[in-house]
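Report on the structure given below.
The values are calculated or read from the model by the stated rules, or taken from the named source; none is laboratory data. Every value quoted in this text rests on a predicted model; they were computed, and no experiment measured them. Note that we place each Cβ from the backbone using ideal geometry, even for glycine, and neighbour counts take in every protein chain shown. All accessible areas refer to the heavy atoms of the entire protein, side chains included, with ligands and DNA or RNA removed. Shrake-Rupley method; radii C 1.70, N 1.55, O 1.52, S 1.80 Å.
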Amino acid sequence: ISNAFVLEQTTGTTDIWQRTRNGVGSLYMGVESSTGASVLAGTSAYDSVLFESGNKNLHLGTNSAIRMTLNNNGNVGIGTTSPGALLAVGASGAASGGFYVTSATNVGIGTVAPSSLLHISQGNVNAADTPTLQMTSISTTNGPWISFNNTSTTHNSAIGATAASSGAGDDKFAFYDI
């Protein structure tokens with residue numbers, strides 16, 4: 001890249017950092033040493049690192065707008081500046097909408113507080129024909145189905161919809177022993 005600001009360490013074994021500071025927060029950008037962890041614990045040799053040294057958030061943006069936030073407690077938000085979970089996608093921290101992954105690895109869709117491995121919440125939707133979960137299959141021989149598998153036995157089950165050409169009837173709901 002031509003016309004670049006260059007900050008160089010020529011020994012190849014020591015770290016080098018650029019610090020931008022306004023008196024309250026400091027942003028560091030640099031390259032780790034040959035041993036790593038010289039400034040930021042957990043980094044490896046020659047890692048490229050960007051970090052805020054204080055109790056502040058780190059934002060990434062494009063087109064003059066914030067697109068991703070890493071807040072000061074480690075939560076990542078994409079499409080939100082106040083992620084309420086380990087990962088929050090497309091939500092503003094409100095009680096509904098978006099996709100969340102908690103530190104307990106529970107996944108929430110439509111809820112910021114998933115209480116199980118997968119928690120889907122429809123929220124306050126008045127339309128009676130709006131499904132909470134919809135599975136669609138474009139197959140002409142098999143409909144969409146959910147499999148329940150037990151790794152310690154060969155007895156597994158499934159529920160789902162049959163397709164017209166399956167011989168089980170035209171788009172019927174069925175229980176399977178697989």
- Query: If you check Gly36 against the conditions, is it open to solvent by less than 40 Å² (accessible area, probe 1.4 Å), in a loop (DSSP other than H, G, I, E, B), modelled with pLDDT under 85 and at positive phi?
  - Reply: no
- Message: Considering only residues that are loosely packed, with under 14 Cβ neighbours inside 10 Å and assigned to a loop (DSSP other than H, G, I, E, B), which ones fall in the range 39-80?
- Response: Ala41, Gly42, Ser44, Ser53, Gly54, Asn55, Lys56, Asn63, Ser64, Asn72, Asn73, Gly74
- Condition check for Ala163: surrounded by 13 or more Cβ atoms within 10 Å (Cβ to Cβ) and modelled with pLDDT under 85: yes
- Message: Kindly evaluate Thr13 against the criterion of being farther than 30 Å from Thr102 by Cβ, open to solvent by less than 80 Å² (accessible area, probe 1.4 Å) and polar (S, T, N, Q).
- Response: yes
- Task: State whether one or more residues within the range 28-36 are of a type outside the set (S, T, N, Q), farther than 20 Å from Leu118 by Cα, out of contact with any Phe, Trp or Tyr (no Cβ under 9 Å at 6 or more places or on another chain) and free of Cβ contacts under 8 Å to residues at least 40 places away in the same chain.
- Result: no
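To keep it simple, each residue is scored yes or no on (1) β-branched (Val, Ile, Thr); (2) under 29 Å from the mean Cα position of the chain (by Cα).
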{"position": "Ala4", "(1), (2)": "no, no"}
{"position": "Gly23", "(1), (2)": "no, no"}
{"position": "Glu52", "(1), (2)": "no, yes"}
{"position": "Asn57", "(1), (2)": "no, yes"}
{"position": "Thr62", "(1), (2)": "yes, yes"}
- Message: Conditions first: (1) open to solvent by 70 Å² or more (accessible area, probe 1.4 Å); (2) modelled with pLDDT of 70 or more; (3) of a type outside the set (A, V, I, L, M, F, W, C). Ser147 passes all but one, so which condition is the exception?
- Response: (1)
- Has the range 20-29 got at least one residue that is part of a loop (DSSP other than H, G, I, E, B), open to solvent by less than 70 Å² (accessible area, probe 1.4 Å) and either of a type in the set (Gly, Ala, Ser) or more than 23 Å from Leu7 (Cβ to Cβ) (or both)? yes
